[in-house]
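Following: one structure in structure tokens, then a few remarks.
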Amino acid sequence: MRALIATAAVLLSSQALAAPPEDVSLSSMSTYRGVPVVDPVVLGDAYELVVKQLGVAVGTRVPSPAHTLGASGFELAVENTFGFNQSTRAPDGAVPAWARVHEDEDPAAFLNALGVSMRKGLPFSTEIGIGARWLVNSHQAVISGWGRIGLVENWRPWPDISVHVGYHHYVGNPELQLGTWETGITVGTSLPFGANPKVRQASFSPFADFNLLTVAAAPTIDPELASEIGAVAYGRHVPAGIASTKALVIPQLQGGFEIKGGGVFFRFAGGWAFGTMATANAAFGFAF
């Protein structure tokens, strides 16, 4: 836990690798190319899309195979996640939503997060995990925690089935509070391979993961500015003078695989958050 906190502190204090940083700037929405924008409906739609896509990026971690680690299992991984938010394109020549919240009006073409995670197996087919990720070229990071329970494991030919719940907290932005809850189910299997498959020195584990991402967010800017840009609080404690509505619930489907051998693994998954954006992520690490 101390290692993850230290990593998060380093990520938050790091300067962006390229200028300008990819911070979400709600105060930049009131102007575009130096011209004031007075249209709370258009700006409110852009704000909602940014919150949805940022919420998916924050809440999307690299899924694990359906089987749990076992009571003595432990895993350490480096992760890289991508959210393809089409930030440089918009229909009918409209201004892209992400250009409106970018100080230089020139956002990156995708949301990228780098980080580390740890998982620990517990008795009764349960496990817990924690992680920290840096949103690349920004001053923001994500702190995560989750748990899983295996419902069906190693009952061949039936697939492994597990359920999971977790929370991912977006930190480091003075203008926006945001957090994403994940609630989901993973289905998959594990296939040994190698010179002697019975020894299980290596395995290939395909899986599918269905998630419900619940995004709660609130602008922390002047209420008058929030009203001008149509920014509201979604399912969160409402700052004084800020309009509010229910949290955003976004279904997400991911599919992927893990290849493991000799205590080393590689994991890849791709997915789609319905009505929001596609994602792709990968992890490399060690299992003990």
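With the condition kept exactly as written, say whether any residue in the range 130-141 is without any contact (Cβ under 8 Å) to a residue 60 or more places away in the chain and in contact with a Phe, Trp or Tyr (Cβ under 8 Å, 6 or more places away or on another chain).
No: zero hits.
Evaluate the following for Ser72: is it over 12 Å from the mean Cα position of the chain (by Cα), surrounded by 17 or more Cβ atoms within 10 Å (Cβ to Cβ) and closer than 30 Å to Asn154 by Cβ?
When the stated conditions are applied, Ser72 does not pass them.
Can you pull out every residue in the range 137-146 that is farther than 12 Å from Arg61 by Cβ and buried (at least 21 other Cβ atoms within 10 Å of the Cβ)?
Ser138, Gln140, Ala141
Testing Met118 on (1) of a type in the set (A, V, I, L, M, F, W, C); (2) buried (at least 20 other Cβ atoms within 10 Å of the Cβ); (3) over 29 Å from Ser244 (Cα atoms), one condition comes back false. Which one is that?
All conditions are met except number (2).
I'd like the residue in the range 147-166 that is closer than 14 Å to Ser205 by Cβ and touching a residue at least 40 places away in the same chain (Cβ under 8 Å) and, out of all such residues, is surrounded by the most Cβ atoms within 10 Å (Cβ to Cβ).
Ser162
Regarding Val101, is this residue surrounded by 23 or more Cβ atoms within 10 Å (Cβ to Cβ) and closer than 19 Å to Thr183 by Cα?
Spelling it out, it is not the case that Val101 is surrounded by 23 or more Cβ atoms within 10 Å (Cβ to Cβ) and closer than 19 Å to Thr183 by Cα.
Can you tell me which residue within the range 222-234, out of those that are out of contact with any Ser or Thr (no Cβ under 7 Å at 6 or more places or on another chain) and either within 22 Å of Thr180 (Cα to Cα) or among the charged types (D, E, K, R) (or both), is surrounded by the fewest Cβ atoms within 10 Å (Cβ to Cβ)?
Across the range 222-234, the extreme among qualifying residues is Glu224.
Restrict the check to the range 85-100 and report whether at least one residue is out of contact with any Cys (no Cβ under 8 Å at 6 or more places or on another chain), among the aliphatic types (A, V, I, L, M), in contact (Cβ under 8 Å) with a residue 12 or more places away in the chain and more than 24 Å from Trp272 (Cβ to Cβ).
yes
Quick check on Ala99: is it among the small types (Gly, Ala, Ser), at pLDDT below 95 and outside any strand (DSSP E or B)?
yes
Taking the stated definitions as given, is Thr31 at pLDDT 95 or above and β-branched (Val, Ile, Thr)?
Numbers: at pLDDT 95 or above: no; β-branched (Val, Ile, Thr): yes.
Judged against the criteria, Thr31 is not a match.
When the residues of the range 167-193 are filtered to those that are buried (at least 20 other Cβ atoms within 10 Å of the Cβ) and farther than 25 Å from Tyr47 by Cβ, which remaining residue is modelled with the lowest pLDDT?
Once the filter is applied, the top-ranked residue is Ser190.
Scanning the range 29-47 for residues that are over 14 Å from Pro96 (Cβ atoms) and not polar (S, T, N, Q), which turns out surrounded by the most Cβ atoms within 10 Å (Cβ to Cβ)?
Applying the filter and picking the extreme gives Gly44.
For Phe207, are the conditions met, namely being outside any loop (DSSP other than H, G, I, E, B), of a type in the set (Phe, Trp, Tyr) and buried (at least 21 other Cβ atoms within 10 Å of the Cβ)? Show your work before the answer.
On the way: outside any loop (DSSP other than H, G, I, E, B): yes; of a type in the set (Phe, Trp, Tyr): yes; buried (at least 21 other Cβ atoms within 10 Å of the Cβ): yes.
For Phe207, the condition - outside any loop (DSSP other than H, G, I, E, B), of a type in the set (Phe, Trp, Tyr) and buried (at least 21 other Cβ atoms within 10 Å of the Cβ) - is met.
Anything in the range 105-116 that is under 16 Å from the mean Cα position of the chain (by Cα) and part of a loop (DSSP other than H, G, I, E, B)? List them, or say none.
Correct list: Phe110 only.
Please work out which one of (1) aliphatic (A, V, I, L, M); (2) in contact with a Phe, Trp or Tyr (Cβ under 6 Å, 6 or more places away or on another chain); (3) closer than 30 Å to Val35 by Cα is the condition Ala108 fails and give its number.
With (1) aliphatic (A, V, I, L, M); (2) in contact with a Phe, Trp or Tyr (Cβ under 6 Å, 6 or more places away or on another chain); (3) closer than 30 Å to Val35 by Cα applied to Ala108, the lone miss is (2).
Just wondering, is there one or more residues in the range 54-73 that are in a strand (DSSP E or B) and touching a residue at least 60 places away in the same chain (Cβ under 8 Å)?
Checked against the condition, which is being in a strand (DSSP E or B) and touching a residue at least 60 places away in the same chain (Cβ under 8 Å), the range 54-73 yields no hits at all.
The values are calculated or read from the model by the stated rules, or taken from the named source; none is laboratory data. Note that the coordinates shown come from a computational prediction; the quantities given were computed from them, not determined experimentally. All Cβ positions, even for glycine, are placed from backbone atoms using ideal geometry, and neighbour counts span all protein chains on display.
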